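Taking it in order: structure first as structure tokens, then the write-up.
The values are calculated or read from the model by the stated rules, or taken from the named source; none is laboratory data. In this text, all values refer to a predicted model and were calculated from it rather than measured experimentally. Glycine also receives a Cβ, built like all others from the backbone with ideal geometry; neighbour counts cover every protein chain displayed. Only protein heavy atoms, including side chains, enter the accessible area calculation; ligands, DNA and RNA are left aside. Shrake-Rupley method; radii C 1.70, N 1.55, O 1.52, S 1.80 Å.
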Amino acid sequence: MPHTNLSTILLVEDNIDDYEATARSFKEAHLDNPINWCKSGKEALEYLKREGKYANSSTANRPGLILLDLNMPGIDGRKTLELVKQDQELRKIPIVILTTSSDEKDVEQCYKLGASTYIQKPVDFEGLVDAISRIKDYWFGIALLPRDDNNG
């Protein structure tokens, strides 16, 4: 039976236009889960580990799902994925790669590192809404997500 509470989604995306399009597509797809946005892999890791500016934050809830872009400056999505999946506390969080890359090496590497799903970002808004709607139907309608005992 799917969770009735709305799991937080962590969106890790450095491009503000892509973030805004994704946030709009959430609304269009009636995905009402709370969204937290991190603009880099470094920020996402601080958020997930409650470090840096998130150290005493009550809003840094452990997400039920991470949507992760690959191509970001600094700690990119590949390294972020690797570090999350190496962490005993964080590794159970499903990570959906949502990126423009269709490079077979990226796909292969991400699955080897522990990605739950790899989705190439559609180029148009309608396609993005459809992709988000399918993510919603699967991850929040069919799949059971692990509970986070640290959220209280």
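Structure summary
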item: The range 113-149, subset within 21 Å of L90 (Cβ to Cβ) and of a type in the set (D, E), residue surrounded by the most Cβ atoms within 10 Å (Cβ to Cβ); result: D148
item: Qualifying positions in the range 55-70 - modelled with pLDDT of 95 or more and over 13 Å from T8 (Cα atoms); result: L68, D69, L70
item: Every residue from the range 24-46 that is free of Cβ contacts under 8 Å to residues at least 60 places away in the same chain, open to solvent by less than 20 Å² (accessible area, probe 1.4 Å) and small (G, A, S); result: G41, A44
item: Residue tally, condition assigned to a helix (DSSP H, G or I) and surrounded by fewer than 17 Cβ atoms within 10 Å (Cβ to Cβ), over the range 1-20; result: 3
item: Which listed residue, of K79, K92, is open to solvent by 40 Å² or more (accessible area, probe 1.4 Å) and part of a loop (DSSP other than H, G, I, E, B); result: K92
item: Selection count, the range 49-76, where residues are outside any loop (DSSP other than H, G, I, E, B) and under 12 Å from the mean Cα position of the chain (by Cα); result: 4
item: Residue match in the range 41-48 (condition: farther than 15 Å from W139 by Cβ, among the aromatic types (F, W, Y) and not in a strand (DSSP E or B)); result: yes
